[in-house]
Amino acid sequence: MTPFGERVRSLRDARGVTLKQMATDLSISSAYLSALEHGKRGQPSPQLVRQICAYFGIIWDEAEELERLADLSHPRVTVDTSGLSARATELANRLSERIGDLDEERIDAILAILDAVPPKKGTRRRVWVRRR
């Protein structure tokens, strides 16, 4: 499951909306919506994110958060470490090898470390999304 999919599912559940009903209301297939929720499809389009926000009456900060979650929800990423240190490349490779072995507590700890490091101003994210 992706962060976006998890949030959409919780919104549906909280409002008592079935996947099939939401898909019909948004004019998308229930298979596609299910795949988005379960991380079997890539990031949703910005237009679909806006449709979902409108569907649930989400505005302002909550809408921005859903957009942020959509940006973080591509299930297949490529990390470009060119120009970084050998240790940074090692970190990226070891994480890719071991991410499936991490429990939620360790994932939360790693995310907390990353959240504590402010991004450098004027630098781009080095995560490139490979679309299929």
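Structure notes:
- Which labelled figure in (1) 8.5; (2) 9.7; (3) 7.8 is mean projected area of the Cα convex hull in nm², once derived from the coordinates: (2)
- Comparing mean-square fluctuations of ASP115, ASP13, ASP71 from a GNM of the chain with C-alpha springs under 10 Å, the top value falls on ASP115.
- Ordered by 1.4 Å accessible area with all protein chains kept, VAL49, VAL117 run largest first as VAL117, VAL49.
- Loop-resident trypsin sites (Lys or Arg not before Pro) (DSSP state other than H, G, I, E or B) in the stretch 1-85 with no more than 16 further Cβ atoms inside 10 Å of their Cβ: LYS40, ARG76.
- Per-pair calculated FRET efficiency, R0 = 30 Å: SER10 and ARG98 via Cβ, rounded to 0.05: 0.60
- Dipole size of the chain about its Cα centre, with +1 on Lys/Arg Cβ and -1 on Asp/Glu Cβ: approximately 680 debye, rounded to the nearest 20.
- Net charge contributed by nearby residues that have their C-beta within less than 15 Å of MET1 (K/R +1, D/E -1): +2
- Relative to the dominant Cα principal axis of the chain, helix 3-15 is inclined by about 30°.
- Estimated FRET transfer efficiency when R0 is 25 angstrom, pair THR81-ILE107 (beta carbons, to 0.05): 0.75
- Gaussian network model of the chain, springs between alpha carbon atoms under 10 Å - residue of LEU69, LEU48, LEU84 with greatest fluctuation: LEU84
- The dipole here belongs to the stretch 19-96: it is taken about the Cα centre, uses +1 on the Cβ of Lys and Arg and -1 on the Cβ of Asp and Glu, and is about 420 debye.
- Relative contact order computed over the chain (Cα-Cα under 8 Å; 6+ residues apart), in percent: 26 percent
The values are calculated or read from the model by the stated rules, or taken from the named source; none is laboratory data. Everything quoted here is computed from the prediction, not taken from an experiment. Here the Cβ is made from the backbone with ideal geometry for all residues, glycine too, and neighbour counts use every protein chain on show. With ligands, DNA and RNA removed, areas are computed over all heavy atoms of the protein, side chains included. Shrake-Rupley method; radii C 1.70, N 1.55, O 1.52, S 1.80 Å.
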